[in-house]
Structure formats: structure tokens, C-alpha cells
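Reading through the C-alpha cells given below for one structure.
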Amino acid sequence: MVQKYQSPVRIYKYPFELVMAAYEKRFPTCPQIPVFLGSEVLRESRSPDGAVHVVERSCRLRVEAPRLLRKIAGVEHVVFMQRNVLNWRERTLLIEAHNETFASRVVVNENCSYTVHPENEEWTCFEQSASLDIRSFFGFESALEKIAMKQYTANVKRGKEVIEHYLNELISQGTSHIPRWTPAPVREEDARSQAGPRDPGSLEADRPGSVPGPAPETVLTEGDKLDADYIERYLGHLTPVQESCLIQLRHWLQETHKGKIPKDEHILRFLRARDFHLDKAREMLCQSLSWRKQHQVDLLLQTWRPPALLEEFYAGGWHYQDIDGRPLYILRLGHMDTKGLMKAVGEEALLKHVLSVNEEGQKRCEGNTKQFGRPISSWTCLVDLEGLNMRHLWRPGVKALLRMIEVVEDNYPETLGRLLIVRAPRVFPVLWTLISPFINENTRQKFLIYSGSNYQGPGGLVDYLDKEVIPDFLGGECVCNVPEGGLVPKSLYLTEEEQEHTDQLRQWRETYQSASVLRGAPHEGSHVTRWPGIYLLQWQMHSPPGNVACSLPGVEDVLTALHSPGPKCKLLYYYEVLASEDFRGSMSSLESCTSGFSQLSATTSSSSGQSHSSPLVSR
């Protein structure tokens, strides 16, 4: 597998010419980089006007690896070939390097560039990319890959420090300005001789279009580039490998994703959730982006208005920030009638409200980042469990809670910075046993649970909240405007007809997938079934008049549509029966796949003996 590295744009707030003078001080040896044993110039050439200077070097690097690995390899140092093209006219330095040692077993390619800052010509930008392909290495491929990446990223950071060291040295010696290159006056006879035929093999690097540059896959447009200072300011400290993962995933989205590109802090959350494993983070993020598009989550804060009943009885709200500047959300779960809320507004409304809280949380994190001048990417939740009892363990309510946890874990990873649970009663361990297996391990480590009055005093809330923002109902001095909750009157419950309609909408949303398909463009889907039987695949064009509310079709509507003319399409399908001995995994995970199918068991079982009747809608 090829490992890739891409640096952010690093900025030196010095002119290009001064940075080049500092760069040249690194050769032929550099005491500040111990692994760099020395270099030797192999070839050197200049353009006739002196604008372009090409240098090819052989560089020796010490191998920092376990003694056993060095003994097997039979080398104490490796040789790299480096080619530098310095263009004084364009004010660019392009560097290409590759390994010569073990070139048949290991392939290392590196491209670097120093260029003038696009918005400030007195500053210099530096970018670096590299790839590592270990084809074979005496059975130590995995170990060598880890050692190589660790050593490389350490040298990346060290390289920037070395340039800054030599810049400071030059300035201390009185060299703070180096004039820009200007072409020498050309005599008439020299001009005539230069206008004549040129040797095809002669140096042509003085022409702007002929200077070799980095490999095509490493070239980013100006709008794609991330500044290292920007990362430190808005995203926090990242290792070189983490920076590279962020840049690669961001660039991949810009090349392939047709919708709205998520913000850098949002991409970073998915990378952190998957320990910066690029492929896993990309898969998780793509599924979330598809979910956001399907449910129009990007418009949620503009379109969602919670019912008045929810605003009155949902005991949760935002309340200043914690001691680290994270937005603080307070939830008085023990005072909330979860059963009454579900019966009064339905599970879908509760889920949409929870999603709006998460969307608002991300927005507040961005605001606090600007306000406090440091990266804030998560929020703190304070949960008061006073009043929690067996009523809160109502089975449909717990099931709905688990669904909400699953949705939030999949689409808002690494947004919870800390969860403070106070006044946990004796019934809490029962609830915790039910929900904890569905919470990610990284998230569980952020939970702090206090029973009784343990949250008061040292080690309690004062360690995480300023005294000025501790709510009055927890012994603080700050008036908290979060609704107190209370029992929802049964007179406000949905009628059986309204509840049935709500359940039908939820089932159809879980079962059917909406898609925008252009003429001639394919749309792919998959579905795993538990039972044998006849399954119907149906598609329908929805274009209701502007004055008619759009509602999801019922079973009878589907059957009618099957016998009615509709848009033409070509269907290609493939199916496979998995034998039990060949199946590894859980059926529940397979059934969670997004599906465009529905098993109409009641209808098909009456018309075909092959159909297996089931009361469950297939997912």
C-alpha cells in the first residue's frame, strides 16, 4: 500500500530571496538535522541570463531503526538523489527527491516548493508532499513503514525549525534584505547570438513553462490550500501526519463531492473519530453527507421550529460555556416526561429537535472559537437526573433514545467534549446498562457521573464550570432559563389516527430512499433480507402541485403505481444467497443498509405461496 503525505502551506514572513539564503546554509551538512550526514553536488548548471540555477545532489541520511533491522539490511545510511530548480525570475524553488538505496524494494518520492505568497510578495510559502511504497523488505514491510513515517514526519517539523534558525542567524549577522534578481544588460552581439538556433539538449528552464514541477497529483489550486497558521488557530495542534490526512480528505472531497463541502473542523471530527485512518474516516463522512442530503439537515436550523408543547416541556437549553470555553448545554432529564412527549409530539419530532440541538452546538463552537481566539470544536453537556424513575425506562422511550444515540454517533462524532451527570439516583445503573453498549468507547471516557451531592465542592462542578455560571437549581448563583419540564397532560397526546400516521411516515422514511437521478445517470442501491419471499422494487416520480402538501404514499398507492405507466428506466440487478457458514457479521448490521425495497408481506403472501409472511417492514 502506498502511504502519502501532504503538508499544509507553511508561511515564512520573510522575502523569498532571504529564505533562499537560509536554505543554502543547510548544505553540504546541517548539524541541526542529525540524520542528515552530508551531501555532494553531482551536476550544476545555469541559464544564460543566470535566472535559473539547477543543482543535483547526492544526500546521505542515517538510518534510525532497530539494530536488527539495520543488520539485516546491511546499511547504516541511505542515499537520496535531489534535484533543485531555483528560478530567480519567477521566485520559485522546486525540489524533487527520490531514494537510490533499495530502490527496487522501496520507492520514496518527495516534492517540495518554495513560492511567493499570493497575497503578500514579502512572504514565502512552503509546501511538501511525499509517497512511500514498500514493495518488499525481508518480511519487515510493516515495521519499516511505521519507522519511515515516524522519522519522516519528525524531520518535516525539524526542517521548518532549521530554516527559521538560519533566518535568525542571517538577521543577527546584519543580513536582513537581499535584492531581487534583475537581468543583466544584454549587449547587441549577445542578443543576436542568443536569438540563433539552440542546442535541443541545452538548459531551457529559464522559460516559464519549462520548469519541472511537482507530480500532478500533488498540485492544488489556491482555493484548496490550508495554511499551517490557520490550522493552529482554528483547528488546534495537529501532528504532520494528522495535517496530511486532513488535507488529503479535504482535497478528495473537493474533487469528488458534488454537494456542499463541509467545513474543515467538521472533516477533522470524522478523522478523529476513526483515529485518523483515512479510508475509514472517508467512508464514515460520505455516509453522513449522504444522510444530511437525504434529510436536508443543512437547512434544519432555518426550517425547524419546535412545537410550542416541546418548547414548554422539553427541559433542555443552552447556558453560557464551561471553564474551557465550550458551549454548555443543560438537560434536566429527571424532570422531563419522555413518555408524555413521545405520545404528544411523536418520535420524529423529538429526533428532529435533538438534531437541531447538535446543529446549534456546532454553530456555537464556531462562535466561541472566534470569541476566545482558540480552537473550540466540542461542547459540554450537563445532565441533571434528579427525579429519574422507572417511568423513564418505558420501553418505547428507551428504544427511541437508542435510535437518537445511533444517529448522533454516526453524524456528529467528536462533538461532545464532556458529559457531566449529576444527582444520579439508584435507578440510573439500570438505564446505563441499557444504553452504554451503544455509546462509542471514546465518548464514554468523557462521562463524569456524580451521585447525591458529590457534585458540590472540590472535584465537582467547580472544576469544570465557573462559579458564576453554575445553575441556581444546583446550588449556584446563576439563574437558569432552561424549561423545568413536568408531566405532559394526556389531553395533549396525539390521537390514535395521528399516531398511526406518524408511525407510517417514520416507517416509510426508514424503508425508502429519495434520490435525484439525472437522465442517463445510474443510481445504485443494495438491500439484505432476512426472510425468503417475493420483494417488489418500485420507483415513482413525485411532482405534486405547488398548492398540494407532499405526503408519502401508502401501500395501496404503491400497488396502484405498479400497474400505471411511469418513467422508463433500465434495471440491472444481482442477487446472492448467503450460506450461514459463509456469513460473518450480524444480521442487524446488514438490515441497517439503506434500501429502496419494501416487502409487502400482507399482499404477496396471499398471491404467492413462495412469499414468507412477516409483520415487519424490510429495511
Practice problem: Considering Cα pairs under 8 angstrom that are at least six residues apart, work out the relative contact order of the range 243-351 and quote it in whole percent. | Solution: 15 percent
Quiz item: Once phi is turned into θ = phi - 60°, what whole-Hz ³J(HN,Hα) does the Karplus curve with 6.51, -1.76 and 1.60 give for every residue of the range 383-390, x standing for Gly and Pro?
Solution: 10, 9, 9, 4, x, 5, 9, 5
Practice problem: Classify the range 104-167 as rounded, prolate or oblate from the Cα gyration tensor: take a ≥ b ≥ c as the square roots of its eigenvalues, call it rounded if a/c is under 1.5, otherwise prolate when a/b beats b/c and oblate if not. | Solution: prolate
Exercise. Scan around D227 for amide H atoms under 5 Å from its own, H built in the peptide plane at 1.01 Å from N, and keep only partners 5 or more places away or cross-chain.
Key: V9
Quiz item: Based on Cβ point charges of +1 for Lys and Arg and -1 for Asp and Glu, what charge dipole magnitude is obtained for the range 288-341 about its Cα centre, in debye rounded to the nearest 20?
Solution: 220 debye
Quiz item: How big is the Rg/Rh ratio for the range 449-495, C-alpha atoms only, Rh by Kirkwood, two decimals?
Solution: 1.21
Quiz item: Given a Förster radius of 60 Å and the C-beta distance between Q296 and T29 as r, what FRET efficiency does 1/(1 + (r/R0)^6) yield to the nearest 0.05?
Solution: 0.50
Practice problem: Which order do the peptides 151-159, 138-146 take when ranked by the mean count of other beta-carbon atoms within 10 Å per residue, highest first? | Solution: 151-159, 138-146
Practice problem: Calculate how large, on average over all directions, the projected area of the Cα convex hull of the range 276-404 is; give the answer in nm² to one decimal. | Solution: 9.7 nm²
Practice problem: Putting +1 on Lys and Arg Cβ atoms and -1 on Asp and Glu Cβ atoms, find which of F27, S129, V54 reaches farthest to the positive end of the dipole of the range 18-155. | Solution: F27
Quiz item: Between Q321 and residues 5 or more places away or on another chain, which pairs have amide H atoms under 5 Å apart, with H built 1.01 Å from N, and which residues are they?
Solution: L328
Quiz item: Could the peptides 55-61, 432-438 be put in order, highest first, of the mean number of other beta-carbon atoms found within 10 Å of their residues?
Solution: 55-61, 432-438
Quiz item: Which entries in the list K258/K280; K157/K280; K260/K280; K13/K263; K280/K467 go over 32 Å, if you measure between the two C-alpha atoms of each?
Solution: K280/K467
Quiz item: Under the Karplus relation 6.51 cos²θ - 1.76 cosθ + 1.60, θ = phi - 60°, what is the ordered set of whole-Hz ³J(HN,Hα) values for the range 325-337, x standing for Gly and Pro?
Solution: x, 6, x, 10, 10, 10, 10, 8, 4, x, 8, 9, 8
Self-check item: Accessible solvent surface per residue of the range 1-125, calculated while the other protein chains remain in place, 1.4 angstrom probe, Å²
Solution: 48 Å²
Exercise. May I ask you to derive the FRET efficiency for Y320 and K370 from their Cβ-Cβ distance with R0 = 22 Å, giving the value to the nearest 0.05?
Key: 0.85
Self-check item: For the range 369-490: accessible area per residue (Å², 1.4 Å)
Solution: 53 Å²
Quiz item: Name the trypsin sites (Lys or Arg not before Pro) in the range 402-496 that are in a loop by DSSP and that have at most 10 other C-beta atoms within 10 Å, would you?
Solution: R426
Self-check item: Accessible surface of the range 310-418, 1.4 Å probe, proportion on carbon and sulfur as whole %
Solution: 49 percent
Quiz item: G38's amide H: which non-local residues (gap 5+, or another chain) put their own amide H closer than 5 Å, with H modeled 1.01 Å from N in plane and none for Pro or chain starts?
Solution: R60
Practice problem: Provide the per-residue ³J(HN,Hα) series for the range 397-404, in order, calculated from phi with Karplus coefficients 6.51, -1.76, 1.60 and θ = phi - 60°, each as a whole number of Hz, with x at glycine and proline positions. | Solution: x, 5, 4, 5, 4, 5, 5, 5
Quiz item: Which of rounded, prolate, oblate describes the range 378-460, given a ≥ b ≥ c as roots of the alpha-carbon gyration tensor eigenvalues and a/c under 1.5 marking rounded, otherwise prolate only if a/b is larger than b/c?
Solution: oblate
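The values are calculated or read from the model by the stated rules, or taken from the named source; none is laboratory data. Please read all numbers here as calculations on a predicted model, not as lab measurements. Methodologically, a virtual Cβ is constructed for each residue, glycine included, from the backbone with ideal geometry; neighbour enumeration extends over all protein chains shown. What goes into the accessible areas is simple: the full protein's heavy atoms, side chains included, and nothing from ligands, DNA or RNA. Shrake-Rupley method; radii C 1.70, N 1.55, O 1.52, S 1.80 Å.
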